[in-house]
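K.L.:
Starting off with a structure, shown below.
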Amino acid sequence: MKYDKEFFRDILNAIDDKILVKGNKSKLLWANKSFLDCYGMTVEDLQNIVDSEHSDPDDTLQYVKDDEWVFQNARELDIASEPMSYHDGSIHFHHTIKTPIFDSNKKVVMGVGVSREIKDFKEIKESEVKRLERHEMIKFQKDFVHMLKIPTLFLDARKNIITASTAFLELLNVDLESLVKVDIESLFIDTDLEQLISRSELASEDVKIKVGNVLAVGSLTITPWFIDIDTMGGSLLFFKDRTEENKLKQDLELQRKEAIISDKLKSLAEFSAGVGHEINNPLAIVSGKLEILKLIHADDLEKLGLTSEIDSIKEATNRISNIVRSLKSISRDASLDQLTEEKVSTILEDVLSLTEGRLTDLSIELHKEINSNFSINCRPSELTQVILNLINNSVDEISLSPTPWIKIKTFEDDKYNFISVIDSGLGIPEEVAKRIFEPFFTTKPVGKGTGLGLGICIRIVENHGGYLFIDSTQDNTTFTIRFKKSAT
Amino acid sequence: MKILIIEDEPQLLNIYEKMLSFKGHEITTFLEPEKAIARLEDEFDLIITDKKMPKVSGLEIVEKSQKTSPDRPIFLITGDSTDTYEFCHGKSRIMKKPIVFDDLFKYIDDLGK
C-alpha cells in the first residue's frame, strides 16, 4: 500500500465529519468532501475567500474570532455548538474542534476545524435555537421582500443589504449579487441615511439613489422590522420613484424663475425706456447747443481758449447718450430681434459704458485687449447682456481681493473668433466648474445670485451658434465665448 | 436746399434751425406736427421730423409725405435705439437722438449727389 497524498485525502474525504483547513487570517485552504457538499463548492472555489457567503455575517465574525484565538493561543478550541448555513439556506449546528498545526519552528501555520452536526436539538443552547428561528424568519422575509412590486431594500441592523425587491433591481438596473456588495451609504446621494433610519417610519422627499450611472429620485419611507417584540432586525426601505415627475417639476421651476426674471426685466425695460426718453431730449438739447457753439462760434471759442472745454463737455454728453442707449437695449427682450452684423468693438463699448463706473468705484482695473475687431452676426443687446453678466460675476468674485482687475480680450484663429472675460481670480475649482452652467447653481450668498445668469448666458450664446466655456488652461479665471468664422 | 423740420421740443427745433441755416439751407419749422401736414405738398427737398410727438407722430408724417411725394427723402429722428423701419428706402433715414450733426450734414450732402 502506498501512503501518498491521495491515500490520506481519500481517508479524509470518507469521513462524515466536516474538515476545514484554514491559514492565517481565516483564509480557506482545503476542505473535505463532506464540508464542500454542504456548501456546494469545489476545492478550487475555496481559493482566496475568507468564509462562505451563505453564512450570517454574525456567524462569520464568530468563526474569524475563533480562528484568531487558535492562532494566538496555539491551543485547541472546543466549540460546543456552532451554526453553519448551508448553500440551500438551511442552518445546522455543529460541535467543532479547531486544532492548530505547527511548523518546524513551533509557529502556528494552519488551523484544522473538525465539525460534527448536532442532531439532537436539546444539545443546542437556547440562544442558538432562537437564532435558528430568526434565520428561518429572515429567509421568509427575504423571499417576501424580493417579490414586492415596490422598489424596496431589506437591511439588517448593521445596514447591510440582505436583499432588494425585483422592482428595485429593475429600477436601478443592477443585479442582487452586485448590490449586496455595495456599501449602502454610498447608494444615497446627499442623504443622511443613518439619521433617516434612526427616526424611522418617516417619509423623506427628494432622495437620490445612484447605482453606477443610473440615478433615481423619489421619496423614501423607512420602517423597522422586528425579530421578536423587542429585538429590531433592521430596516425596510420603500422607495417611490419620482425621477420623471421630479424632472418635470424642475423644468417647471426653471421656467417659473425665468419668467420672474423676464418679468422683472420687462418692467425694468419699460422703466428704462421711459427714463431714456425723458433724458434723451434734454441731452439732445445740451449736445445740440454744444454743436452750435462748435460750428457757429468756433472762432470765439478759440479766442477764449474754450475749444477743449467744449470738447470735453461734448465727450461727456456722448457718454451719457451711450449709457442711455445701452440701458435701453440691455433691458429689453431681444430674443425676437433680427440678427444683425455688429462689430465686436461696438458691443464691448456698450457693455463698458454700463460697467466702467462700477469698476472705478470698486477700484477694479480694467484692461481692454482688442486684438481682433471682428463682426458677429448677432442680436447685439443679447450679447451685451451675456458679456455684462460675465463681468458682473467677475466683479462679485474679485472685488474684495487685494489688486482686482478685469480684462476683456478679443482674438481669433483660423477657425474661430473669441471674446474672453478674464479676471484676477485664480480659476474656478473643478467641482464648481462642473456645475457652473447648471440652472440654480450659485456660489453667491442667498439673495445675491439666482444661479440663472450663466445658464441664460450659455443659452443665448448657443442660440447665436457660439460656445461659452471656462478656459481652465489659463492661470486666471477665464470665460471665453467662441464663434465660428463664417465660411466666406 | 429747402428743408421742413418738425419737432415738438422748441429748444431742439431751434438748434436744428440754427445749424442748418448756418449751412445755407432754407428752413421751415413747425412745433406742432398737425399744422405741418397742410404743408407737406409744398416743394421741400427734405423733411426732418421727430418720431414721438403729441397728436401726430413722425410715422404719420412719413406716411402722408410718401403719399404726396414718394421720392422725397425723410429723416426720422428717434430716441428708441432699436428702431429700424421698412420705410428707409431710397435716401430716407433713421437718425438716433441725440443726432450727430456731422452725420446729418453728410447725409444732406449725399442727397445733392
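The values are calculated or read from the model by the stated rules, or taken from the named source; none is laboratory data. Note that this is a predicted model, so its numbers are computed, not measured. Cβ placement follows ideal geometry from the backbone for every residue including glycine, while neighbour counts extend to all protein chains displayed.
K.L.:
Checking A:Asn13 against (1) over 27 Å from A:Glu136 (Cβ atoms); (2) out of contact with any Lys or Arg (no Cβ under 7 Å at 6 or more places or on another chain); (3) free of Cβ contacts under 8 Å to residues at least 60 places away in the same chain, only one condition comes out false. Which one?
P.N.:
(2)
K.L.:
Restricting to segment A:189-236, what's the tally of residues that are exposed (fewer than 13 other Cβ atoms within 10 Å of the Cβ) and assigned to a strand (DSSP E or B)?
P.N.:
So the count comes out to 9.
K.L.:
Right, another one. Do you know which residues across segment A:157-169 are free of Cβ contacts under 8 Å to residues at least 24 places away in the same chain and over 22 Å from the mean Cα position of the chain (by Cα)?
P.N.:
Listed by number, the residues that qualify are A:Ile161, A:Thr163, A:Ala164, A:Ser165, A:Thr166, A:Ala167.
K.L.:
Within the bounds of segment A:323-340, is there any residue that is at pLDDT 85 or above, on the phi < 0 side of the Ramachandran plot and buried (at least 22 other Cβ atoms within 10 Å of the Cβ)?
P.N.:
no
K.L.:
So which residues in segment A:267-288 are at pLDDT below 80 and surrounded by 14 or more Cβ atoms within 10 Å (Cβ to Cβ)?
P.N.:
Of everything in segment A:267-288, those that are at pLDDT below 80 and surrounded by 14 or more Cβ atoms within 10 Å (Cβ to Cβ) turn out to be A:Leu268, A:Ala269, A:Ser272, A:Ala273, A:Gly276, A:His277.
K.L.:
Here are some conditions: (1) under 30 Å from A:Gly212 (Cβ atoms); (2) outside the structural domain of A:Lys33 (by TED's automatic domain parsing); (3) surrounded by fewer than 18 Cβ atoms within 10 Å (Cβ to Cβ). A:His87 meets all but one. Which one does it not meet?
P.N.:
All conditions are met except number (2).
K.L.:
A follow-up question, please. Please count how many residues of segment A:82-109 are farther than 22 Å from A:Leu36 by Cβ and small (Gly, Ala, Ser).
P.N.:
Final tally of qualifying residues: 1.
K.L.:
Is it fair to say A:Asp59 is charged (D, E, K, R) and either in the same structural domain as A:Asp156 (by TED's automatic domain parsing) or modelled with pLDDT under 90 (or both)?
P.N.:
When the stated conditions are applied, A:Asp59 passes them.
K.L.:
Contact list please: Cβ distance under 8 Å, first residue in segment A:211-228 and touching a residue at least 24 places away in the same chain (Cβ under 8 Å), second residue hydroxyl-bearing (Ser, Thr, Tyr) and outside any strand (DSSP E or B), pairs at least six apart or on different chains.
P.N.:
Correct list of pairs: A:Leu215/A:Thr243; A:Ala216/A:Thr243; A:Val217/A:Thr243; A:Gly218/A:Thr243; A:Leu220/A:Thr191; A:Ile222/A:Ser200; A:Pro224/A:Ser200.
K.L.:
If you don't mind, another one. Return the residues of segment A:454-472 that are out of contact with any strand residue (DSSP E or B) (no Cβ under 8 Å at 6 or more places or on another chain) and modelled with pLDDT of 85 or more; say none if nothing qualifies.
P.N.:
none
K.L.:
Within segment A:133-156, track down each residue that is under 28 Å from the mean Cα position of the chain (by Cα) and part of a loop (DSSP other than H, G, I, E, B).
P.N.:
Within segment A:133-156, A:Ile150, A:Pro151 qualify.
K.L.:
Can you name the residue in segment A:12-53 that is polar (S, T, N, Q) and either modelled with pLDDT of 90 or more or surrounded by fewer than 17 Cβ atoms within 10 Å (Cβ to Cβ) (or both) and is also farthest from A:Asp88 (Cα to Cα) among such residues?
P.N.:
Looking at residues that are polar (S, T, N, Q) and either modelled with pLDDT of 90 or more or surrounded by fewer than 17 Cβ atoms within 10 Å (Cβ to Cβ) (or both), I get A:Asn24.
K.L.:
Just checking, does segment A:282-297 include any residue being outside any helix (DSSP H, G or I), farther than 22 Å from A:Thr191 by Cα, not polar (S, T, N, Q) and not assigned by TED's automatic domain parsing to the domain that holds A:Leu172?
P.N.:
Scanning segment A:282-297 turns up at least one residue that is outside any helix (DSSP H, G or I), farther than 22 Å from A:Thr191 by Cα, not polar (S, T, N, Q) and not assigned by TED's automatic domain parsing to the domain that holds A:Leu172.
K.L.:
Go through segment A:384-403 and count every residue that is surrounded by 17 or more Cβ atoms within 10 Å (Cβ to Cβ) and away from every other protein chain (no Cβ under 14 Å).
P.N.:
So the count comes out to 11.
K.L.:
Return a yes/no flag: does segment A:292-309 have any residue that is within 12 Å of chain B (Cβ to nearest Cβ) and of a type in the set (Ser, Thr, Tyr).
P.N.:
No, because not a single residue in segment A:292-309 is within 12 Å of chain B (Cβ to nearest Cβ) and of a type in the set (Ser, Thr, Tyr).
K.L.:
Next question. Find all pairs meeting these conditions: Cβ atoms under 9 angstrom apart; at least six residues apart or on different chains; first residue within segment B:7-27 and over 15 Å from B:Leu104 (Cβ atoms); second residue aliphatic (A, V, I, L, M) and part of a strand (DSSP E or B).
P.N.:
Close Cβ pairs (under 9 Å, with a partner that is aliphatic (A, V, I, L, M) and part of a strand (DSSP E or B)) amount to B:Glu26/B:Ile3.
K.L.:
Then there is this: Tell me which residues, restricted to segment A:350-361, are touching a residue at least 12 places away in the same chain (Cβ under 8 Å) and farther than 11 Å from A:Pro380 by Cβ.
P.N.:
Correct list: A:Leu352, A:Ser353, A:Leu354, A:Thr355, A:Arg358, A:Leu359.
For every residue, the table says whether it meets (1) closer than 23 Å to A:Met232 by Cβ; (2) at pLDDT below 85.
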| residue | (1), (2) |
| --- | --- |
| A:Gln141 | yes, yes |
| A:His146 | yes, yes |
| A:Ile161 | yes, no |
| A:Thr166 | no, no |
| A:Val174 | no, no |
| A:Glu205 | no, yes |
| A:Gly212 | no, yes |
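K.L.:
Assess whether B:Gly24 counts as being at positive phi and modelled with pLDDT of 90 or more.
P.N.:
Yes, satisfied.
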